[in-house]
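The values are calculated or read from the model by the stated rules, or taken from the named source; none is laboratory data. Keep in mind that what you see is a predicted model, and the values were worked out from it rather than measured. Ligands, DNA and RNA are excluded from the accessible area calculation, which covers all protein heavy atoms including side chains. Shrake-Rupley method; radii C 1.70, N 1.55, O 1.52, S 1.80 Å.
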Amino acid sequence: MTTFLVIAAVMAAIAATAVAFPLLRSPRSRLTGALAGVLVMAAAAGLYPFWSNWDWHAAMAAKPAVDPQVLEMVAKLERHMKDAPDDLKGWLLLGQSDLALERADGAIDAYEHAHRLDPNNVVAMLGLGEALSIRAGGNVTPPAGELFERAVALEPDNPRALLYSGFGAATRWDRETARQRWLKLKGLHPPPEIDAMLNDRIAELGTADLEQVPAVAATGATPASPSAEVEGSAAALATVSIRLAPALQSRLTGDVPLFVFAREPGGAGPPLAAKRLTSAALGSEVRLSSADSLIPGRSLVAGQKVSITARISFSGQPLPAAGDLYGELTYDVGHDGVRDLVIDRIAQ
């Protein structure tokens, strides 16, 4: 999720601008206003040159040093917050400052203070979610995802809420929600850099089968019959019947997210196909096909051997976590029929 890290930093600079202007107009807020202004300029100068470079570590290595004036201003703001712990705007700015300086732990502390002072403050929600995700290496964690969802529920047209809740949905493999959020954000006419990034991310989500129907009708071509479509995709279909081993039954309480995905054996990167279900699907057959591809051009192919994993995720995330229950098998796409996939292991 390196894209999240880059976009978070740029959106943070934009957000700092919104904080800076009202503070600069207040005689009692000259320190925090000046700090916000400096942070905006520093963040923009340091991050925009790396906009199209998705190698985050390379970008960080080339990033210029922080101006000592900024560090001194942040130190003054920290001292101010000790004397004024109920200053909501101060905590918001300190959180923004720590994010700009790549101090995720400090940002989390500051935004948590702001969130406690005003639980419905969307800026605090988004900032805390950003900080939690950045500390997790750019992965949208479940607590961060919940904050993003609350933020977009309170402010449905908030650009940052739409952007980050889209990342959260994509992390959960909820492609349709991610697509809807990002398309709505595009309709708000974001800066060109953001718009270009959204185009790339939406393309990576793929296109739902139903969304292809209008395009076919527009060309005047005759749509394929359902039976023809099934025949064309059957060769690249993987079907497994998933069940939970009796020894692990006691560990499952309630309805929990269940991720089923296929990868190249020993391969890294996005799965070839994936579905997000719930544990209610245990005992049923699950089919993976090209329609479940996460990235266009990267999908199941007939004759390909893949590793299929079924993972019960107590964290709600597709990434492995200690305590998750999982099972896996090797599958020959297009040749194997329905295979039994038993979830019989506990992730360490």
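Bridgeable lysines around Lys305 (alpha carbons under 26 Å apart, same-chain partners fewer than 8 residues away excluded): Lys275. For Lys184, no lysines have a Cα closer than 16 Å to its Cα, not counting residues fewer than 8 places off in the same chain.
Cross-link partners of Lys89 among lysines, defined as those whose alpha carbon lies under 17 angstrom from its own and excluding same-chain residues fewer than eight positions apart: Lys76.
Measuring only protein heavy atoms, the 1.4 Å probe finds Leu163 accessible over about 0 Å². At q = 0.18, 0.22 Å⁻¹, what base-10 log of I(q)/I(0) does the Debye formula yield for the range 277-348 when every alpha carbon is treated as an equal point scatterer in vacuo? Debye output, listed in q order: -0.83, -1.14.
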